[in-house]
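The values are calculated or read from the model by the stated rules, or taken from the named source; none is laboratory data. It should be emphasised that the depicted structure is a prediction, and the values quoted were computed from it without experimental measurement. Ideal geometry is used to build each Cβ from the backbone, glycine not excepted, and the neighbour counts take in all protein chains shown.
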C-alpha cells in the first residue's frame, strides 16, 4: 500500500511534474537459510521516493482545457521525456537483520522514455539505470555496495470514462551485483516482470490504484515474487 502526491508543473513552455510516493509494506519471505527452510515477516514503511519529470516534445504547457483541446485536434501524437527519481533511506531498517523493508541508502534513477498516443490508447517505452549509494550499516557490521542496474519497461494503457484507466506492463532488468566489504557477492541479477494495473477516481482530485506485479528471476539466485499494491493518490 502507498500514498502518493503529484503536482503538475510548467517548465517554460513544457509540461513537467513532481511526485512523492510513501509506501507501507507487509512482506513475507520464505526460502533456505544455510540449507534449512526459514521465513520472516516485516510490516512498516519502506523507503519513500521523490520524482521529477519534464516532457521534451509533445503538447505545449497549458491548463486541462487546453490539453484536452490539443488531444481533440491531435488524436495521434508522440512525446519524449526525461525524469529523475530519488529513493530516500527513511524506511524501516534494522542493521542486525538481513531482510528489511528499507535499504539504508539512496537510489538515483535517471530515465528517458517516449509515449505514443492514439485515441484512448497509449504505448509507453522507457529505459533507466539505478545508481546506488553505500549502505555502511549492513548485516553483521558489513558495508554493502551495489553495481548499477539497467532496466527497460513498456506499458499499454487504455483510458476509460470518468478518469479511470487500465494498463498491462512488462519489464526486464539486469545487473545490480552487490559487494560486501568491497568483495563481489556473485549475485548478478536478471529479472523479467509483468504487471496489470487499474486506477479510478474517488473524488475530483483523489483516486485509488490497484496493481498486481509478477517478478521472475532468470538466474539461480534472486527471488520470484507476487506483489499486490494498493495506492491512494492526490493531485493538486
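Structure data summary
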{"read-out": "Region 177-229, residues that are touching a strand residue (DSSP E or B) at 6+ places or on another chain (Cβ under 8 Å), exposed (fewer than 13 other Cβ atoms within 10 Å of the Cβ) and farther than 29 Å from residue 131 by Cβ", "value": "202, 205, 206"}
{"read-out": "Of all residues making up region 119-136, the number that are modelled with pLDDT of 95 or more and either on the phi > 0 side of the Ramachandran plot or over 20 Å from the mean Cα position of the chain (by Cα) (or both)", "value": "4"}
{"read-out": "Region 15-35, subset at pLDDT 90 or above and under 17 Å from the mean Cα position of the chain (by Cα), residue farthest from residue 62 (Cα to Cα)", "value": "24"}
{"read-out": "Residue in region 73-80 that is part of a strand (DSSP E or B), surrounded by fewer than 12 Cβ atoms within 10 Å (Cβ to Cβ) and within 23 Å of the chain's Cα centre (by Cα) present", "value": "no"}
{"read-out": "Long-range neighbours under 9 Å by Cβ, at least six apart or interchain, first residue at positive phi within region 94-116, second surrounded by 18 or more Cβ atoms within 10 Å (Cβ to Cβ) and in a loop (DSSP other than H, G, I, E, B)", "value": "104/47; 104/91; 104/93"}
{"read-out": "Selection from region 200-236 of residues that are modelled with pLDDT under 90, farther than 23 Å from residue 26 by Cα and part of a strand (DSSP E or B)", "value": "235"}
{"read-out": "Filtered residues of region 90-107 (kept if part of a loop (DSSP other than H, G, I, E, B) and under 30 Å from residue 15 (Cβ atoms))", "value": "90, 106"}
{"read-out": "Residue 59 being at pLDDT 85 or above, surrounded by 14 or more Cβ atoms within 10 Å (Cβ to Cβ) and touching a helix residue (DSSP H, G or I) at 6+ places or on another chain (Cβ under 8 Å)", "value": "yes"}
{"read-out": "Residue within region 87-102 that is under 14 Å from residue 17 (Cβ atoms) and surrounded by fewer than 18 Cβ atoms within 10 Å (Cβ to Cβ) present", "value": "no"}
